[in-house]
1. Given the condition surrounded by fewer than 15 Cβ atoms within 10 Å (Cβ to Cβ), in a helix (DSSP H, G or I) and among the hydrophobic types (A, V, I, L, M, F, W, C), answer yes or no: does some residue in region 91-103 qualify?
2. Select from region 42-77 the residues that are part of a helix (DSSP H, G or I) and among the basic types (K, R) and write down the one among them that is surrounded by the most Cβ atoms within 10 Å (Cβ to Cβ).
3. Regarding region 125-137, can at least one residue be identified that is closer than 27 Å to R33 by Cα, among the polar types (S, T, N, Q), crowded, with 19+ Cβ neighbours inside 10 Å and touching a residue at least 24 places away in the same chain (Cβ under 8 Å)?
4. Give me the pairs, please: first residue somewhere in region 64-90 and farther than 13 Å from L44 by Cβ, second residue anywhere and assigned to a helix (DSSP H, G or I) and not small (G, A, S), beta-carbon distance under 6 Å, and either six or more positions apart or on two chains.
5. Test A150 against the stated conditions and say whether it is under 20 Å from E27 (Cα atoms) and assigned to a helix (DSSP H, G or I).
6. Across region 1-41, what is the total count of residues that are assigned to a helix (DSSP H, G or I), charged (D, E, K, R) and surrounded by fewer than 19 Cβ atoms within 10 Å (Cβ to Cβ)?
7. Against the conditions (1) closer than 20 Å to A15 by Cβ; (2) surrounded by fewer than 18 Cβ atoms within 10 Å (Cβ to Cβ), where does A80 fall short? Just the number, please.
Amino acid sequence: MTSALTVVAGVVLLASGVCLGVFFSTEREAWGRANDATIALWALLMAPAAFEVYLRYGDRSRWVVGGLTALALVGEIVVAATSGLTAVGLLDWKLSAKIGSLGFCAFATWMAGVSGFVFAWGGLPRAFAWFGIVTLVLAVAAALLGLRHARAGGLDEQRMPPPATSGILALAFLCLVAWCVWLGVAL
């Protein structure tokens with residue numbers, strides 16, 4: 001069941017990206033809210049995967065694996081709450097993005113931990129662990145480029161980032177989708 005939910009989480013994340021693309025193309029608020037709703041659903045669907053990873057590796061290092069699992073779950077709750085509240089119009093999207101980014105950072109830390117568990121103890125394909133590291137590197141690059149764009153006024157003026165920045169953002173996003181699906185298949 002966890003495996004299927006994790007694959008569905010990846011598909012939901014992809015749908016979220018489509019909603020975001022349509023939102024930026026049409027500027028219709030309903031698509032932005034759909035993006036927020038699907039992000040919230042993605043976060044909730046990923047929670048069983050965190051528990052499954054704990055069950056697979058917790059006996060090796062209960063404190064490390066347990067701590068990273070707790071961090072992932074808190075991050076997923078933060079993302080689900082902020083995105084869910086934004087989807088129903090109870091939280092401004094800029095505040096949601098600031099708070100939600102902390103949840104994503106917690107999730108990303110867990111992702112790095114999962115790669116570390118695979119390198120140290122096996123249990124999942126090493127290629128999956130390497131792909132997780134590549135995904136995280138791309139995500140950090142995308143976040144830094146996104147912050148640069150935001151600080152240059154890109155969010156206030158609702159202008160698209162430069163093509164290279166958009167490309168890195170899209171690649172990081174698609175890698176995260178693929179990572180979620182691969183985790184589900186590997187579980």
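1. Initially, region 91-103 is screened for residues surrounded by fewer than 15 Cβ atoms within 10 Å (Cβ to Cβ), giving 92, 94-95, 98, 102.
Now narrow it down to the ones that are in a helix (DSSP H, G or I): 94-95, 98, 102.
Narrowing the set further to residues that are among the hydrophobic types (A, V, I, L, M, F, W, C) leaves 95, 102.
Yes.
2. Within region 42-77, the subset part of a helix (DSSP H, G or I) is 42-57, 62-77.
Subsequent filtering for residues that are among the basic types (K, R) retains 56, 62.
Working: R56: 17, R62: 11.
Per the criteria, the residue is R56.
3. yes
4. V65/Y54; V65/Y57; L68/W110; T69/Y54; L71/T109; L71/W110; T86/D36; T86/W93
5. Values: under 20 Å from E27 (Cα atoms): yes; assigned to a helix (DSSP H, G or I): yes.
Considered against the rule, which asks whether it is under 20 Å from E27 (Cα atoms) and assigned to a helix (DSSP H, G or I), A150 comes out as yes.
6. Keep residues of region 1-41 that are assigned to a helix (DSSP H, G or I), which gives 2-26, 29-41.
Filter again for charged (D, E, K, R), leaving 29, 33, 36.
Imposing the further condition that a residue be surrounded by fewer than 19 Cβ atoms within 10 Å (Cβ to Cβ) reduces the set to 29, 33.
Summing the residues that are assigned to a helix (DSSP H, G or I), charged (D, E, K, R) and surrounded by fewer than 19 Cβ atoms within 10 Å (Cβ to Cβ) in region 1-41 gives 2.
7. Going through (1) closer than 20 Å to A15 by Cβ; (2) surrounded by fewer than 18 Cβ atoms within 10 Å (Cβ to Cβ) one by one, A80 breaks only (2).
Residue by residue, here is whether (1) on the phi < 0 side of the Ramachandran plot; (2) among the hydrophobic types (A, V, I, L, M, F, W, C); (3) modelled with pLDDT of 95 or more holds:
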position: G32; (1), (2), (3): yes, no, no
position: T38; (1), (2), (3): yes, no, yes
position: V64; (1), (2), (3): yes, yes, yes
position: T82; (1), (2), (3): yes, no, yes
position: L85; (1), (2), (3): yes, yes, yes
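The values are calculated or read from the model by the stated rules, or taken from the named source; none is laboratory data. A quick note: this is a predicted structure, and the numbers were derived from the prediction, not measured. Positions of Cβ are backbone-derived with ideal geometry, glycine not excepted, and every protein chain shown enters the neighbour counts.
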